[in-house]
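Contents: one structure, followed by commentary.
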Amino acid sequence: MKLIGTYLSPYARRVAAALISRGMPFEHEAVNGYREFEIASRYNPVAKVPSLVLDDGEVLIDSTAILDYLNELTPSTPLIPAGSRARRTTLKLAAIGYGVYEQAASLSFRGREVPETEARRWKAQILGGLRALDEAARDGGPLRATPMDAAAITAIVAVEYLARTNPDLDALPAIPALAALAAEYRDAPPFALTRATA
């Protein structure tokens, strides 16, 4: 398999972290969909990352769809549990983390160009999502499940993405359990090997 997408993208990074967490080998082509539109559009008609090129040449797009595929490959250590309630909880928490990515990107890239009311709304959405993830990261919470699932991977990437793109937000004091979870896994291969350097 080959993963297309820079680790500056939290979407590509969560896929890479999931692959590494399950010991699945892959090649990586660090394409930035904004800066390398032509290359990204070879894999995805809307030139967004990530894309995952399978060994038979099929190309999957969108991190959620890719994680669903990877989950099919790992039935003994699922990224998304099979049980109805556990599955819904994991998908809900992963969607909240995904929403944090979206609003953090909006705030980082466009925060100075929009009316203050819009920027305040994005900040409120980010903090609301982080608080929900923080609740789930407390002892015995679903983000503490082992092996780490798609929701925990997404949440940890969200914390690091926010710290990198919006350091002035300083959200960590408001989310002690989630901050502790991210700190515990900071040097674990899924995150250490996918941390963006630029």
Can you name every residue in the range 96-122 that is of a type in the set (A, V, I, L, M, F, W, C) and in a helix (DSSP H, G or I)?
-> 96, 100, 104, 105, 107, 109, 119, 122
For the range 144-181, how many residues meet the condition of being among the β-branched types (Val, Ile, Thr) and either modelled with pLDDT under 95 or in the same structural domain as residue 68 (by TED's automatic domain parsing) (or both)?
-> 2
Odd one out for residue 44 among (1) modelled with pLDDT of 95 or more; (2) loosely packed, with under 14 Cβ neighbours inside 10 Å; (3) more than 17 Å from the chain's Cα centre (by Cα); (4) not acidic (Asp, Glu) = (2)
Tell me which residues, restricted to the range 51-104, are surrounded by fewer than 20 Cβ atoms within 10 Å (Cβ to Cβ), in the same structural domain as residue 22 (by TED's automatic domain parsing) and under 12 Å from the mean Cα position of the chain (by Cα).
-> 62, 64
Screening 189, 173 for residues that are touching a residue at least 12 places away in the same chain (Cβ under 8 Å), more than 13 Å from the chain's Cα centre (by Cα), surrounded by fewer than 16 Cβ atoms within 10 Å (Cβ to Cβ) and over 21 Å from residue 92 (Cβ atoms) leaves only 189
Which of the residues that make up the range 154-180 are in a helix (DSSP H, G or I), more than 18 Å from residue 105 (Cβ to Cβ) and in contact with a Lys or Arg (Cβ under 8 Å, 6 or more places away or on another chain)?
-> 174, 177
Selection within the range 123-140 - not small (Gly, Ala, Ser) and not in a helix (DSSP H, G or I) = 138, 139
Using the structure shown, decide if residue 17 is out of contact with any strand residue (DSSP E or B) (no Cβ under 8 Å at 6 or more places or on another chain) and either over 23 Å from residue 77 (Cβ atoms) or surrounded by 14 or more Cβ atoms within 10 Å (Cβ to Cβ) (or both).
-> yes
Restricting attention to the range 136-165, the residues that are surrounded by fewer than 16 Cβ atoms within 10 Å (Cβ to Cβ) and within 14 Å of the chain's Cα centre (by Cα) number exactly 1
Turns out the strands (runs of 3 or more DSSP E) fully within the range 1-83 with at least 1 residues that are among the hydroxyl-bearing types (Ser, Thr, Tyr) are 51-53
Working only within the range 105-127, note down all residues that are surrounded by 14 or more Cβ atoms within 10 Å (Cβ to Cβ) and under 18 Å from residue 173 (Cα atoms).
-> 123, 125, 126, 127
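The values are calculated or read from the model by the stated rules, or taken from the named source; none is laboratory data. Keep in mind the model is a prediction, meaning the values are calculated, not measured. Positions of Cβ are backbone-derived with ideal geometry, glycine not excepted, and every protein chain shown enters the neighbour counts.
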